[in-house]
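**Q** Encoded as structure tokens, here's the structure I'll be asking about.
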Protein chains: 2
Amino acid sequence: MNSTDGIAYARGRFVNLDEPVIPVDDRAHQFGDGIYEVIRVYHGRPFLLDEHLARFERSAAAIGLRLDRPMDELRELIFTALDRTGFSDAQVYFQLSRGIVKRDHAYPADTPSHLSMTVRPMVDARFHAARTNGQRVIFAEDIRWKYCYVKSLNLLPNVMVKQRALDAGVADAIFVSNGVVTEGTSSNVAIVVDGVFVTHPADERILHGITRAKVLGLLLQLGVPVREEKFSPADLLKADEVFTMSTVVELAPVIEVDGQPVGLQALREGSVLRRLQRLYREEIARACAPDVADAVGE
Amino acid sequence: MNSTDGIAYARGRFVNLDEPVIPVDDRAHQFGDGIYEVIRVYHGRPFLLDEHLARFERSAAAIGLRLDRPMDELRELIFTALDRTGFSDAQVYFQLSRGIVKRDHAYPADTPSHLSMTVRPMVDARFHAARTNGQRVIFAEDIRWKYCYVKSLNLLPNVMVKQRALDAGVADAIFVSNGVVTEGTSSNVAIVVDGVFVTHPADERILHGITRAKVLGLLLQLGVPVREEKFSPADLLKADEVFTMSTVVELAPVIEVDGQPVGLQALREGSVLRRLQRLYREEIARACAPDVADAVGE
């Protein structure tokens, strides 16, 4: 382990990634009682930082978690962490737990919440391949709790279903809840049917993805009609295009579900997906270009 | 903080409770990716240790988590921890995460699982009062994931609903899933109707409580008929007795739900609950008596 692998932050100080900094009684460690965000950094600049910070606040409110610090301080901390690493392409992960305190289900009365963070260089090769060539996936029962719109640390169902997909020799799984396609294990899912973009409504059953929201804006620019509506696995299987949206993988076509080819139109030049991918990259270039660095995050 | 508060164990060594021992990248800390047990210690001896260890193994298997060590070693470690504290009445908490490794949903290939533990003296006054006088509770929607039989570290719904009960001025909440009473936030629930003991079947919707299983055995001794069947909130409201079963609180009557008195027969001498409480205490006395100490855990 050395600092080119990245750095961590916990209990108010920057440390090496492998440094023990958390006692056993962190509520994240024992209950998954907390929330998190993952931010992508391009050219040394965080992309869509305001949006991630706003969602972090919403997640905190949803589980009654006090932030204990102004969002501006958190923003400053992220920039400080990036300065320390000097990484150009990176991922910032940060989480907030309900604090370090003797284990008890009840919320602690006077315990400060606990912020921790890691910053690591981005290794994008696998995701680049997924964006270009597409991903094979499986359908899986959506076994998660009711409030999937909270970006919480209770991710056991997500990791179990992701692993089931990997064990099946594919990249990921798409959740199906009572006949409705909800989302991927760490992405939102959209289909294009007869030129119309369809994605699950941003209700409590899916995470309200930052990339999903950005895509909805880009679709306006493209003049592609949008329906935020529930759709079924059968709808997905016969859609013209199928793709996932997430901070880390960005926009990536799904080309096979349970061994069946799907959405192959997405791979063609001029597809909704290809146009979105290009616009998304243009957004990144604009927002994270070195020459507009001073304006980023304003 | 001093050692009379208890001790912790993590990464292979005993430490003070407040000692930082875990890096940010523990999968328990970031995903709640792990399992746990809580064991009650009476007269310096763990009660129903074999049963807890067997459930720990079942939980591990359910989420594909390698134990990495023989159960005998874990048992030895618990006795070592108890010896170190010298506590007579205590709680042992231990958990196993899928290890300390760079954050990624996929299961790590060659990362050892990570065992941590705390041992604390038992403060029983509040639970003693609950056992004697009963608890007021509320009904709450069961918002949890599908596999509640796994004693996992994904406890955010449990802590949120517990806190909602406390905010409502009562002790706890009882989950209701699609018109069926499942269990409490950290206990199983039973009712007695016309002399018959009824509790939710041990399927994937409830934790298979160690105390619940012990009570089923005691009911055989008492000659009380048992039905492991689903029942509704309406069934509970008109039951003769209502009570919770858990390692820490043991058996405690529920005397009010959503402001309505329930199950008041449970408080009478000779009720099924009172007879079970007496037998349960006799079991503890037998299993944890100092003179049979050497035979405990065999």
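The values are calculated or read from the model by the stated rules, or taken from the named source; none is laboratory data. None of these values were measured; they are calculated from a predicted model. We place every Cβ from the backbone using ideal geometry, glycine too, and count neighbours over all the protein chains shown. Surface areas here come from the heavy atoms of the whole protein model, side chains and all, with no ligands, DNA or RNA. Shrake-Rupley method; radii C 1.70, N 1.55, O 1.52, S 1.80 Å.
**Q** So, of the residues in the stretch A:27-46 that are over 19 Å from B:K162 (Cα atoms) and of a type in the set (A, V, I, L, M), which turns out to be farthest from the other protein chains (Cβ to nearest Cβ)?
**A** That would be A:V41.
**Q** Starting from residues that are open to solvent by less than 60 Å² (accessible area, probe 1.4 Å), at the interface with chain B (Cβ under 8 Å from one of its Cβ atoms) and touching a residue at least 24 places away in the same chain (Cβ under 8 Å), keep the ones in the stretch A:10-26 and report whichever is farthest from A:T111 (Cα to Cα).
**A** That would be A:L17.
**Q** Count, please, the residues in the stretch B:96-144 that happen to be out of contact with any strand residue (DSSP E or B) (no Cβ under 8 Å at 6 or more places or on another chain) and either buried (at least 21 other Cβ atoms within 10 Å of the Cβ) or farther than 30 Å from B:D167 by Cα (or both).
**A** Total satisfying the criteria: 9.
**Q** Condition test on B:P46, is it open to solvent by less than 60 Å² (accessible area, probe 1.4 Å) and either at pLDDT below 95 or closer than 30 Å to B:K146 by Cβ (or both)?
**A** Answer is no for this residue.
**Q** Turning to a different aspect of this structure: Within the set of pairs 6 or more residues apart or between chains, which connect a residue that is outside any helix (DSSP H, G or I) inside the stretch B:73-85 to a residue that is hydroxyl-bearing (S, T, Y) with Cβ atoms less than 6 Å apart?
**A** Once the first residue is outside any helix (DSSP H, G or I) and sits in the stretch B:73-85, no partner that is hydroxyl-bearing (S, T, Y) comes close enough.
**Q** Can you tell which of A:V38, A:V92 is touching a residue at least 40 places away in the same chain (Cβ under 8 Å), part of a strand (DSSP E or B) and surrounded by fewer than 21 Cβ atoms within 10 Å (Cβ to Cβ)?
**A** Checking each option against the conditions leaves just A:V38.
**Q** Pick from A:R212, A:R278, A:R286, A:R274: which is open to solvent by less than 30 Å² (accessible area, probe 1.4 Å), without any contact (Cβ under 8 Å) to a residue 40 or more places away in the chain, out of contact with any Leu (no Cβ under 6 Å at 6 or more places or on another chain) and in a helix (DSSP H, G or I)?
**A** Among A:R212, A:R278, A:R286, A:R274, only A:R212 is open to solvent by less than 30 Å² (accessible area, probe 1.4 Å), without any contact (Cβ under 8 Å) to a residue 40 or more places away in the chain, out of contact with any Leu (no Cβ under 6 Å at 6 or more places or on another chain) and in a helix (DSSP H, G or I).
**Q** Taking the stretch A:174-195 as the region of interest, how many residues are closer than 23 Å to B:Y149 by Cα and surrounded by 21 or more Cβ atoms within 10 Å (Cβ to Cβ)?
**A** Qualifying residue count for the region: 2.
**Q** OK, next. Exactly one condition in (1) surrounded by 20 or more Cβ atoms within 10 Å (Cβ to Cβ); (2) within 12 Å of chain B (Cβ to nearest Cβ); (3) outside any helix (DSSP H, G or I) is false for A:I206; which is it?
**A** (2)
**Q** Take the stretch A:105-144 and flag every residue that is more than 18 Å from the chain's Cα centre (by Cα), part of a loop (DSSP other than H, G, I, E, B) and closer than 25 Å to A:E57 by Cβ.
**A** Within the stretch A:105-144, A:H105, A:A106, A:Y107, A:P108, A:A109, A:D110, A:T111, A:P112, A:S113 qualify.
**Q** Go through (1) open to solvent by less than 10 Å² (accessible area, probe 1.4 Å); (2) more than 11 Å from chain A (Cβ to nearest Cβ); (3) more than 22 Å from A:V161 (Cα to Cα) for B:F56 and report which single condition fails.
**A** Against the list (1) open to solvent by less than 10 Å² (accessible area, probe 1.4 Å); (2) more than 11 Å from chain A (Cβ to nearest Cβ); (3) more than 22 Å from A:V161 (Cα to Cα), B:F56 comes up short only on (3).
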